[in-house]
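Okay, so here's the structure we're looking at.
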Amino acid sequence: MLARSATGQEMSVYTTFSSGPRREADPDGPEEYHVVLLDNGRSAMLGGDFQDMLRCIRCGACMNHCPVYQAVGGHAYGWVYPGPMGAVLTPSLIGVETGGQLPNASTFCGRCEAVCPMRIPLPKMMRHWREREFEQRLTPSATRWGLGFWRALCTRPALYRLFTRAAVLGLGCLALGKGRLRWLPLGGGWTDHRDFPAPQGGTFQAKWRARK
């Protein structure tokens, strides 16, 4: 399961098989064999919302199919375990106060759960972490205000259509016909490192109405 899920091989080249200490008939081998189990907080996951994460075999299938991991790479996750499994496991080991940003780096497309050989419900557990982060008010106030504003728009279709139409026109004017924005109000975290693509044409809803 480890090799087939990760790289599609029939036999893995990085799995070690240990047979224990040398027996009387063996020509060589270790005299003693010690197994050290490092708990590292995993026992605390038993019986809770994240117990299913303990079934992970570290095959890497979720990382191979995650669009976020493919875009940002492993170092962006800032700790030992990257990808969707790291987004669930890292807050469990170092606390949601330190690793709470990782469950938020997900599109919830569900590809990680679909390819997981252990059928670990990764999106559901990332939602649990988001809920805990929100309940403990660990998210920045700007994020909370922004989500509240977005909820107000999404629950009012007419206002949403008006706002998205104005946003498309405004961003198009700021781009000056270049198709990209080198600076964006309240978007410096993005534009400091890369250009922001300017919207082209009308909104999705306008195009949908036109097609119908």
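Every read-out reported here was derived from the displayed coordinates using simple, explicitly stated rules and does not represent laboratory data. Please read these numbers as outputs of a predicted model, since none were measured by experiment. Cβ sites come from the backbone with ideal geometry, for glycine too, and all protein chains shown count toward neighbours.
What are the pairs, 6+ residues apart or on separate chains, where a residue within the stretch 158-182 that is on the phi > 0 side of the Ramachandran plot has its Cβ under 7 Å from a residue that is hydrophobic (A, V, I, L, M, F, W, C)? From residues that are on the phi > 0 side of the Ramachandran plot, the pairs are Gly179/Ala198. Residues of the stretch 167-188 that are surrounded by 12 or more Cβ atoms within 10 Å (Cβ to Cβ) and more than 27 Å from the chain's Cα centre (by Cα): Ala167, Val168, Leu169, Gly170, Leu171, Gly172, Leu174, Ala175, Gly179. For the stretch 97-118, what are the residues that are of a type in the set (A, V, I, L, M, F, W, C) and within 16 Å of Arg42 (Cβ to Cβ)? The one that is of a type in the set (A, V, I, L, M, F, W, C) and within 16 Å of Arg42 (Cβ to Cβ): Met118.
Can you tell me how many residues within the stretch 46-72 are over 21 Å from Ala3 (Cα atoms), in a loop (DSSP other than H, G, I, E, B) and among the small types (Gly, Ala, Ser)? Residues flagged as over 21 Å from Ala3 (Cα atoms), in a loop (DSSP other than H, G, I, E, B) and among the small types (Gly, Ala, Ser) within the stretch 46-72 amount to 2.
Take Ser106 and tell me if it is in contact (Cβ under 8 Å) with a residue 12 or more places away in the chain, assigned to a helix (DSSP H, G or I) and of a type in the set (Ser, Thr, Tyr). Let's see the steps before the verdict.
Numbers: in contact (Cβ under 8 Å) with a residue 12 or more places away in the chain: yes; assigned to a helix (DSSP H, G or I): no; of a type in the set (Ser, Thr, Tyr): yes.
No; evaluated as a whole, the condition is false for this residue.
Looking only at the stretch 153-200, residues that are charged (D, E, K, R) and touching a Lys or Arg at 6+ places or on another chain (Cβ under 9 Å) come to 1 in all. The residues on offer are Thr203, Thr191, Thr164, and the sole one that is surrounded by 14 or more Cβ atoms within 10 Å (Cβ to Cβ), in contact with a strand residue (DSSP E or B) (Cβ under 8 Å, 6 or more places away or on another chain) and hydroxyl-bearing (Ser, Thr, Tyr) is Thr191. Among the residues of the stretch 44-60, the one identified as exposed (fewer than 14 other Cβ atoms within 10 Å of the Cβ), within 13 Å of Cys116 (Cα to Cα) and without any contact (Cβ under 8 Å) to a residue 60 or more places away in the chain is Arg58. Considering the stretch 61-71, the residues that are surrounded by 13 or more Cβ atoms within 10 Å (Cβ to Cβ) and of a type in the set (A, V, I, L, M, F, W, C) include one that is farthest from Cys112 (Cα to Cα), namely Val68. Within the stretch 97-118, the set of residues being surrounded by 20 or more Cβ atoms within 10 Å (Cβ to Cβ) and either at positive phi or of a type in the set (Val, Ile, Thr) (or both) is empty. Residue count for the stretch 1-45 satisfying the condition of being touching a helix residue (DSSP H, G or I) at 6+ places or on another chain (Cβ under 8 Å) and outside any loop (DSSP other than H, G, I, E, B): 5.
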